[in-house]
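K.L.:
The structure that follows is given in the form of C-alpha coordinates.
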Amino acid sequence: MRIDRIDLQKLKMPLKSPFETSFGRETHKEFLLVSVYSGDEVGYAECVAMKKPVYNEETIDTALSVLKNNLIPAVFQQEDLRPEAVTDLFKWVRRNNMAKSALESAIWDLYCKKENISLASALGGVKKEVEVGVSLGIEPTVEALLEKVEDSLKAGYKKIKVKIKPGKDVDRIQAIRERFGYEVPLMADANSAYTLDQIDTLKELDKYKLIMIEQPLAHDDIIDHAMLQSELETPVCLDESIHTLDDARKAIELGSCKIINIKIGRVGGLTESKRIHDYCEANNIPVWCGGMLESGVGRAHNLAIASLSNFVIPGDTSPSSRYWEQDIVTKEVVMSSPGMVEVPKGPGIGYEIDEKAVNKYLINKESLHNMYIEKNASYLITD
Ligand code: OSB
Ligand code: MG
(Lines give C-alpha, C1' and ligand atoms only; values in the text may rest on other atoms or scores of the structure.)
(Ligands and ions follow the chains in the order given, each with its own letter.)
Protein backbone atom coordinates (compact mmCIF):
# COMPACT_ATOMS: atom_id res chain seq x y z
CA MET A 1 0.00 0.00 0.00
CA ARG A 2 1.29 3.41 -0.95
CA ILE A 3 0.05 6.67 0.54
CA ASP A 4 -0.85 9.42 -1.97
CA ARG A 5 -2.02 12.19 0.30
CA ILE A 6 -2.66 13.02 3.92
CA ASP A 7 -5.06 15.68 5.18
CA LEU A 8 -4.68 17.22 8.61
CA GLN A 9 -7.82 19.01 9.73
CA LYS A 10 -8.11 20.87 12.99
CA LEU A 11 -11.60 20.71 14.45
CA LYS A 12 -13.20 22.40 17.40
CA MET A 13 -16.33 20.79 18.80
CA PRO A 14 -18.38 22.17 21.71
CA LEU A 15 -18.91 19.68 24.53
CA LYS A 16 -22.52 19.28 25.70
CA SER A 17 -21.37 20.05 29.22
CA PRO A 18 -17.98 21.18 30.56
CA PHE A 19 -15.61 18.41 31.65
CA GLU A 20 -13.41 19.11 34.67
CA THR A 21 -10.45 17.06 35.83
CA SER A 22 -7.71 17.76 38.35
CA PHE A 23 -5.83 19.50 35.52
CA GLY A 24 -8.53 21.82 34.33
CA ARG A 25 -11.93 22.41 32.80
CA GLU A 26 -12.78 21.87 29.15
CA THR A 27 -15.76 23.33 27.33
CA HIS A 28 -14.63 22.44 23.80
CA LYS A 29 -12.66 19.65 22.26
CA GLU A 30 -10.01 20.67 19.75
CA PHE A 31 -8.26 17.93 17.84
CA LEU A 32 -6.69 16.87 14.57
CA LEU A 33 -8.58 14.64 12.19
CA VAL A 34 -6.10 12.69 10.07
CA SER A 35 -7.21 11.38 6.66
CA VAL A 36 -4.86 9.05 4.79
CA TYR A 37 -5.48 8.47 1.07
CA SER A 38 -4.38 5.58 -1.09
CA GLY A 39 -6.01 5.07 -4.50
CA ASP A 40 -9.73 5.48 -3.94
CA GLU A 41 -9.74 4.56 -0.27
CA VAL A 42 -9.32 6.81 2.74
CA GLY A 43 -8.52 5.92 6.34
CA TYR A 44 -9.33 8.12 9.32
CA ALA A 45 -8.13 8.63 12.86
CA GLU A 46 -8.07 11.42 15.35
CA CYS A 47 -5.16 12.73 17.34
CA VAL A 48 -6.07 12.87 21.03
CA ALA A 49 -3.36 15.35 22.04
CA MET A 50 -4.97 18.15 24.02
CA LYS A 51 -4.66 21.87 23.45
CA LYS A 52 -2.38 22.26 26.46
CA PRO A 53 0.25 19.77 27.69
CA VAL A 54 -1.63 18.93 30.89
CA TYR A 55 -2.37 15.23 30.44
CA ASN A 56 0.92 14.41 28.76
CA GLU A 57 3.66 16.47 27.14
CA GLU A 58 1.99 16.65 23.73
CA THR A 59 -0.30 19.32 22.35
CA ILE A 60 -2.22 19.65 19.10
CA ASP A 61 0.56 21.88 17.81
CA THR A 62 3.42 19.55 18.75
CA ALA A 63 1.54 16.68 17.13
CA LEU A 64 1.02 18.73 13.99
CA SER A 65 4.71 19.54 13.83
CA VAL A 66 5.89 15.98 14.39
CA LEU A 67 3.36 14.62 11.91
CA LYS A 68 4.35 17.07 9.17
CA ASN A 69 8.09 17.08 9.70
CA ASN A 70 8.84 13.55 10.82
CA LEU A 71 6.10 10.95 10.61
CA ILE A 72 4.36 11.78 7.34
CA PRO A 73 7.64 11.98 5.36
CA ALA A 74 8.57 8.54 6.76
CA VAL A 75 5.22 7.14 5.59
CA PHE A 76 5.42 8.80 2.17
CA GLN A 77 8.76 7.11 1.50
CA GLN A 78 7.29 3.63 1.85
CA GLU A 79 6.39 1.86 -1.40
CA ASP A 80 4.69 -0.98 0.43
CA LEU A 81 3.35 0.20 3.72
CA ARG A 82 1.82 -2.35 6.08
CA PRO A 83 -0.04 -1.23 9.20
CA GLU A 84 1.73 -3.61 11.58
CA ALA A 85 5.11 -2.17 10.47
CA VAL A 86 4.25 1.47 11.22
CA THR A 87 5.17 1.34 14.92
CA ASP A 88 8.71 0.26 14.02
CA LEU A 89 8.87 2.81 11.21
CA PHE A 90 8.26 5.53 13.84
CA LYS A 91 10.60 4.11 16.45
CA TRP A 92 13.40 6.61 15.80
CA VAL A 93 11.08 9.42 16.90
CA ARG A 94 11.09 9.51 20.67
CA ARG A 95 7.73 9.68 22.47
CA ASN A 96 5.16 11.87 20.67
CA ASN A 97 2.88 8.86 20.98
CA MET A 98 -0.35 10.68 20.21
CA ALA A 99 1.05 12.02 16.95
CA LYS A 100 2.29 8.53 16.04
CA SER A 101 -0.97 6.90 17.03
CA ALA A 102 -3.10 9.22 14.92
CA LEU A 103 -1.20 8.32 11.76
CA GLU A 104 -0.80 4.64 12.59
CA SER A 105 -4.48 4.23 13.44
CA ALA A 106 -5.56 5.97 10.21
CA ILE A 107 -3.28 3.62 8.26
CA TRP A 108 -4.92 0.64 9.99
CA ASP A 109 -8.37 1.94 8.96
CA LEU A 110 -7.20 2.47 5.39
CA TYR A 111 -5.65 -1.01 5.18
CA CYS A 112 -8.80 -2.67 6.56
CA LYS A 113 -10.98 -0.79 4.07
CA LYS A 114 -8.75 -1.97 1.22
CA GLU A 115 -8.94 -5.54 2.53
CA ASN A 116 -12.69 -5.17 3.19
CA ILE A 117 -12.37 -6.35 6.79
CA SER A 118 -13.35 -4.69 10.03
CA LEU A 119 -10.65 -3.12 12.16
CA ALA A 120 -11.84 -5.18 15.14
CA SER A 121 -11.34 -8.45 13.27
CA ALA A 122 -7.94 -7.35 11.91
CA LEU A 123 -6.81 -6.71 15.49
CA GLY A 124 -8.07 -10.09 16.69
CA GLY A 125 -11.22 -8.81 18.40
CA VAL A 126 -13.60 -11.46 19.69
CA LYS A 127 -16.57 -9.47 21.00
CA LYS A 128 -19.67 -8.33 19.08
CA GLU A 129 -20.45 -5.67 21.64
CA VAL A 130 -18.61 -4.11 24.55
CA GLU A 131 -19.66 -2.98 27.99
CA VAL A 132 -19.38 0.76 28.50
CA GLY A 133 -18.86 2.99 31.46
CA VAL A 134 -19.00 6.73 31.93
CA SER A 135 -16.34 9.14 33.13
CA LEU A 136 -17.84 11.93 35.22
CA GLY A 137 -15.87 15.12 35.68
CA ILE A 138 -15.47 17.08 38.89
CA GLU A 139 -18.79 18.80 39.54
CA PRO A 140 -19.04 22.04 41.54
CA THR A 141 -21.17 20.39 44.22
CA VAL A 142 -21.76 16.90 45.61
CA GLU A 143 -25.44 17.24 44.72
CA ALA A 144 -24.62 18.00 41.07
CA LEU A 145 -22.40 14.91 40.97
CA LEU A 146 -25.10 12.73 42.50
CA GLU A 147 -27.50 13.87 39.79
CA LYS A 148 -25.00 12.87 37.10
CA VAL A 149 -24.50 9.50 38.75
CA GLU A 150 -28.24 8.96 38.86
CA ASP A 151 -28.64 9.82 35.17
CA SER A 152 -25.74 7.53 34.29
CA LEU A 153 -27.21 4.61 36.21
CA LYS A 154 -30.55 5.19 34.49
CA ALA A 155 -28.79 5.11 31.11
CA GLY A 156 -27.41 1.68 32.06
CA TYR A 157 -23.70 2.46 32.26
CA LYS A 158 -21.83 -0.56 33.60
CA LYS A 159 -19.14 1.43 35.37
CA ILE A 160 -19.20 4.86 36.96
CA LYS A 161 -15.86 6.64 37.05
CA VAL A 162 -15.62 9.78 39.10
CA LYS A 163 -12.82 12.29 38.84
CA ILE A 164 -11.34 13.23 42.20
CA LYS A 165 -8.79 15.69 43.54
CA PRO A 166 -7.70 16.64 47.05
CA GLY A 167 -10.67 18.11 48.91
CA LYS A 168 -13.14 16.60 46.43
CA ASP A 169 -12.58 12.92 47.07
CA VAL A 170 -13.73 11.01 50.14
CA ASP A 171 -16.85 13.16 50.60
CA ARG A 172 -17.94 12.52 47.02
CA ILE A 173 -17.31 8.79 47.01
CA GLN A 174 -19.01 8.48 50.38
CA ALA A 175 -22.04 10.45 49.12
CA ILE A 176 -22.37 8.16 46.09
CA ARG A 177 -22.18 5.03 48.24
CA GLU A 178 -24.72 6.43 50.71
CA ARG A 179 -27.17 7.37 47.98
CA PHE A 180 -26.75 4.48 45.56
CA GLY A 181 -25.25 1.67 47.62
CA TYR A 182 -22.34 -0.67 47.20
CA GLU A 183 -23.73 -2.52 44.16
CA VAL A 184 -22.78 0.33 41.84
CA PRO A 185 -19.55 -0.49 39.96
CA LEU A 186 -17.65 2.61 41.05
CA MET A 187 -14.10 3.84 40.54
CA ALA A 188 -12.15 7.06 40.99
CA ASP A 189 -9.64 8.73 38.66
CA ALA A 190 -7.21 11.18 40.28
CA ASN A 191 -5.18 12.17 37.20
CA SER A 192 -2.01 12.35 39.32
CA ALA A 193 -3.42 14.79 41.87
CA TYR A 194 -1.89 13.11 44.97
CA THR A 195 1.49 12.30 46.47
CA LEU A 196 2.44 9.67 49.03
CA ASP A 197 2.10 12.39 51.69
CA GLN A 198 -1.65 12.01 51.20
CA ILE A 199 -1.66 8.23 51.60
CA ASP A 200 -4.10 8.48 54.51
CA THR A 201 -6.78 10.00 52.28
CA LEU A 202 -6.20 7.33 49.66
CA LYS A 203 -6.39 4.61 52.33
CA GLU A 204 -9.68 6.04 53.56
CA LEU A 205 -11.12 5.31 50.13
CA ASP A 206 -10.55 1.59 50.74
CA LYS A 207 -13.73 1.32 52.75
CA TYR A 208 -15.86 2.35 49.76
CA LYS A 209 -14.85 -0.78 47.83
CA LEU A 210 -13.98 0.91 44.58
CA ILE A 211 -13.24 -1.31 41.58
CA MET A 212 -9.99 0.63 41.31
CA ILE A 213 -8.31 3.97 41.78
CA GLU A 214 -6.82 5.31 38.55
CA GLN A 215 -3.48 7.12 38.46
CA PRO A 216 -3.44 8.53 42.00
CA LEU A 217 0.24 9.58 41.92
CA ALA A 218 2.60 11.34 39.54
CA HIS A 219 2.20 10.93 35.78
CA ASP A 220 5.79 9.71 35.45
CA ASP A 221 5.90 7.41 38.43
CA ILE A 222 5.75 3.65 38.93
CA ILE A 223 7.87 3.43 42.11
CA ASP A 224 5.63 5.33 44.53
CA HIS A 225 2.62 3.61 43.00
CA ALA A 226 4.17 0.24 43.96
CA MET A 227 4.56 1.47 47.52
CA LEU A 228 0.97 2.76 47.51
CA GLN A 229 -0.45 -0.46 46.06
CA SER A 230 1.22 -2.46 48.82
CA GLU A 231 -0.64 -0.33 51.36
CA LEU A 232 -4.04 -0.24 49.62
CA GLU A 233 -6.74 -2.86 49.28
CA THR A 234 -8.21 -0.99 46.32
CA PRO A 235 -6.53 -2.04 43.07
CA VAL A 236 -4.43 0.71 41.51
CA CYS A 237 -4.92 1.25 37.77
CA LEU A 238 -2.30 3.10 35.77
CA ASP A 239 -3.18 5.49 32.96
CA GLU A 240 -0.67 8.35 32.49
CA SER A 241 2.38 6.28 33.58
CA ILE A 242 2.09 3.66 30.82
CA HIS A 243 3.43 4.65 27.38
CA THR A 244 4.82 1.37 26.10
CA LEU A 245 4.71 -2.37 26.54
CA ASP A 246 7.94 -2.07 28.52
CA ASP A 247 6.33 0.42 30.90
CA ALA A 248 3.48 -2.04 31.43
CA ARG A 249 5.89 -4.91 32.06
CA LYS A 250 7.90 -2.92 34.58
CA ALA A 251 4.82 -1.65 36.41
CA ILE A 252 3.42 -5.17 36.64
CA GLU A 253 6.76 -6.61 37.80
CA LEU A 254 7.07 -3.92 40.47
CA GLY A 255 3.50 -4.35 41.64
CA SER A 256 2.69 -0.72 40.83
CA CYS A 257 -0.81 -1.61 39.61
CA LYS A 258 -3.27 -4.47 39.26
CA ILE A 259 -5.16 -3.04 36.27
CA ILE A 260 -4.11 -1.06 33.19
CA ASN A 261 -6.07 1.54 31.26
CA ILE A 262 -5.11 1.29 27.59
CA LYS A 263 -5.49 4.45 25.55
CA ILE A 264 -4.47 3.96 21.94
CA GLY A 265 -3.09 7.50 21.67
CA ARG A 266 -1.08 7.39 24.88
CA VAL A 267 0.75 4.22 23.83
CA GLY A 268 1.44 5.26 20.24
CA GLY A 269 -1.12 3.27 18.33
CA LEU A 270 -3.11 0.10 17.81
CA THR A 271 -0.14 -2.24 17.45
CA GLU A 272 1.33 -1.22 20.80
CA SER A 273 -2.15 -1.33 22.38
CA LYS A 274 -2.53 -4.92 21.23
CA ARG A 275 0.94 -5.83 22.52
CA ILE A 276 0.13 -4.40 25.95
CA HIS A 277 -3.23 -6.16 25.90
CA ASP A 278 -1.59 -9.51 25.06
CA TYR A 279 1.11 -9.10 27.71
CA CYS A 280 -1.47 -8.20 30.36
CA GLU A 281 -3.64 -11.13 29.36
CA ALA A 282 -0.70 -13.52 29.75
CA ASN A 283 0.01 -12.02 33.18
CA ASN A 284 -3.57 -11.96 34.48
CA ILE A 285 -3.81 -8.19 34.51
CA PRO A 286 -7.23 -6.99 33.35
CA VAL A 287 -7.33 -4.01 31.00
CA TRP A 288 -9.96 -1.55 29.87
CA CYS A 289 -10.14 1.09 27.17
CA GLY A 290 -9.71 4.67 28.34
CA GLY A 291 -11.08 7.70 26.55
CA MET A 292 -9.93 11.22 25.67
CA LEU A 293 -13.36 12.72 24.90
CA GLU A 294 -13.06 11.47 21.33
CA SER A 295 -15.30 12.26 18.41
CA GLY A 296 -16.95 9.31 16.69
CA VAL A 297 -13.74 8.61 14.78
CA GLY A 298 -11.52 7.98 17.81
CA ARG A 299 -14.44 6.29 19.51
CA ALA A 300 -14.69 3.79 16.65
CA HIS A 301 -11.00 2.89 17.02
CA ASN A 302 -11.56 2.48 20.77
CA LEU A 303 -14.49 0.11 20.19
CA ALA A 304 -12.36 -1.99 17.84
CA ILE A 305 -9.51 -2.43 20.34
CA ALA A 306 -11.98 -2.96 23.21
CA SER A 307 -13.32 -6.01 21.38
CA LEU A 308 -10.17 -7.94 22.31
CA SER A 309 -10.63 -10.64 24.93
CA ASN A 310 -8.76 -9.14 27.90
CA PHE A 311 -10.74 -5.87 27.84
CA VAL A 312 -12.80 -7.27 30.70
CA ILE A 313 -13.69 -4.03 32.48
CA PRO A 314 -16.15 -1.55 30.89
CA GLY A 315 -14.32 1.24 29.05
CA ASP A 316 -14.71 5.02 28.81
CA THR A 317 -16.31 4.40 25.42
CA SER A 318 -19.67 6.05 25.98
CA PRO A 319 -21.98 6.87 23.05
CA SER A 320 -21.66 10.09 21.03
CA SER A 321 -24.61 11.74 22.75
CA ARG A 322 -22.78 11.78 26.08
CA TYR A 323 -20.43 14.38 24.60
CA TRP A 324 -21.83 15.94 21.42
CA GLU A 325 -24.94 17.62 20.07
CA GLN A 326 -23.71 16.47 16.68
CA ASP A 327 -20.86 14.02 16.10
CA ILE A 328 -18.75 13.88 12.91
CA VAL A 329 -19.87 10.38 11.93
CA THR A 330 -23.11 9.93 9.95
CA LYS A 331 -24.47 7.19 12.20
CA GLU A 332 -23.49 8.16 15.71
CA VAL A 333 -22.18 5.78 18.33
CA VAL A 334 -25.19 4.57 20.32
CA MET A 335 -26.00 2.03 22.99
CA SER A 336 -27.39 -1.17 21.46
CA SER A 337 -28.88 -2.06 24.84
CA PRO A 338 -28.35 -0.42 28.23
CA GLY A 339 -24.62 -0.17 28.89
CA MET A 340 -23.62 -1.91 25.67
CA VAL A 341 -22.18 -0.58 22.41
CA GLU A 342 -21.83 -2.72 19.31
CA VAL A 343 -18.41 -3.28 17.79
CA PRO A 344 -18.72 -2.01 14.21
CA LYS A 345 -18.73 -4.78 11.60
CA GLY A 346 -18.22 -2.72 8.43
CA PRO A 347 -14.83 -2.30 6.74
CA GLY A 348 -12.21 -0.44 8.78
CA ILE A 349 -13.58 1.60 11.66
CA GLY A 350 -17.10 0.89 10.37
CA TYR A 351 -18.34 4.46 10.70
CA GLU A 352 -18.81 6.97 7.88
CA ILE A 353 -17.53 10.52 8.15
CA ASP A 354 -20.13 13.28 8.04
CA GLU A 355 -18.29 15.78 5.84
CA LYS A 356 -20.85 18.50 6.52
CA ALA A 357 -20.33 18.15 10.27
CA VAL A 358 -16.56 18.14 9.77
CA ASN A 359 -16.81 21.41 7.84
CA LYS A 360 -19.01 22.91 10.53
CA TYR A 361 -16.29 22.32 13.16
CA LEU A 362 -13.28 22.91 10.89
CA ILE A 363 -10.82 25.62 11.87
CA ASN A 364 -7.81 24.71 9.74
CA LYS A 365 -6.92 22.28 6.98
CA GLU A 366 -3.67 21.23 5.35
CA SER A 367 -3.26 18.69 2.55
CA LEU A 368 0.11 17.02 2.13
CA HIS A 369 0.71 15.34 -1.21
CA ASN A 370 3.20 12.55 -1.63
CA MET A 371 5.69 13.83 -4.17
CA TYR A 372 8.51 11.74 -2.78
CA ILE A 373 8.45 8.79 -5.06
CA GLU A 374 8.09 10.76 -8.33
CA LYS A 375 10.39 13.62 -7.49
CA ASN A 376 12.58 11.97 -4.89
CA ALA A 377 13.07 15.40 -3.42
CA SER A 378 10.98 18.10 -1.86
CA TYR A 379 8.01 15.91 -1.30
CA LEU A 380 5.86 18.00 0.93
CA ILE A 381 3.51 20.45 -0.66
CA THR A 382 1.17 22.24 1.66
CA ASP A 383 -1.97 23.90 0.43
O1 OSB B 1 -7.70 10.45 32.64
O2 OSB B 1 -9.00 9.21 31.58
C3 OSB B 1 -8.53 10.32 31.77
C4 OSB B 1 -10.26 12.88 29.52
C5 OSB B 1 -9.20 13.67 29.17
C6 OSB B 1 -7.95 13.39 29.68
C7 OSB B 1 -7.76 12.32 30.55
C8 OSB B 1 -8.84 11.50 30.90
C9 OSB B 1 -10.11 11.81 30.40
C10 OSB B 1 -11.30 11.06 30.75
C11 OSB B 1 -12.43 11.11 29.77
O12 OSB B 1 -11.44 10.48 31.80
C13 OSB B 1 -12.94 9.78 29.38
C14 OSB B 1 -13.91 9.89 28.24
O15 OSB B 1 -13.46 10.01 27.08
O16 OSB B 1 -15.10 9.85 28.48
MG1 MG C 1 -7.36 8.59 33.57
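K.L.:
Heavy atoms only, probe 1.4 angstrom, no DNA, RNA or ligands counted: give me 113, 365, 159, 91 ranked by accessible area, highest first.
P.N.:
91, 365, 113, 159
K.L.:
Holding the Cα-Cα limit at 21 Å, pick out from 10/51; 16/274; 128/258 the pairs that are longer than that.
P.N.:
Pairs exceeding 21 Å: 16/274; 128/258.
K.L.:
Report the net charge of residues surrounding residue 42, where surrounding means a beta-carbon distance below 13 angstrom and charges are Lys +1, Arg +1, Asp -1, Glu -1.
P.N.:
-4
K.L.:
Using the heavy atoms of the protein chains alone and a 1.4 angstrom probe, what is the accessible area of the chain per residue in square angstrom?
P.N.:
About 40 Å² of surface per residue is accessible.
K.L.:
Based on the Cβ-Cβ distance of residue 51 and residue 82, what FRET efficiency does E = 1/(1 + (r/R0)^6) give at R0 = 30 Å, to the nearest 0.05?
P.N.:
Computed FRET efficiency for residue 51 and residue 82 comes out at 0.35.
K.L.:
Separate question: Residue 114: which lysines have alpha carbons under 20 Å from its alpha carbon, excluding same-chain residues fewer than 8 sequence positions away?
P.N.:
In chain and number order, the partners are 345.
K.L.:
Another question about this same structure. FRET efficiency for residue 340 and residue 179, Cβ-Cβ distance as r, R0 = 22 Å, nearest 0.05?
P.N.:
0.30
K.L.:
How about the range 30-96: which GluC sites (Glu not before Pro) there are in a DSSP loop, with at most 13 other Cβ atoms within 10 Å of their Cβ?
P.N.:
79
K.L.:
Next question, about the same structure. What stretch of the chain, leaving out the sites themselves, is the longest with no chymotrypsin sites (Phe, Trp or Tyr not before Pro) in a DSSP loop having at most 12 other Cβ atoms within 10 Å?
P.N.:
183-383
K.L.:
If each residue of separation counts as 0.36 nm, what is the full-extension length gain between residue 206 and residue 30 once their alpha-carbon separation is subtracted?
P.N.:
59.7 nm
The values are calculated or read from the model by the stated rules, or taken from the named source; none is laboratory data. It should be emphasised that the depicted structure is a prediction, and the values quoted were computed from it without experimental measurement. Here Cβ is always computed from backbone atoms with ideal geometry, including for glycine, and neighbour counts include all displayed protein chains. Please note that ligands, DNA and RNA were not included when accessible areas were found on the heavy atoms of the full protein model with its side chains. Shrake-Rupley method; radii C 1.70, N 1.55, O 1.52, S 1.80 Å.
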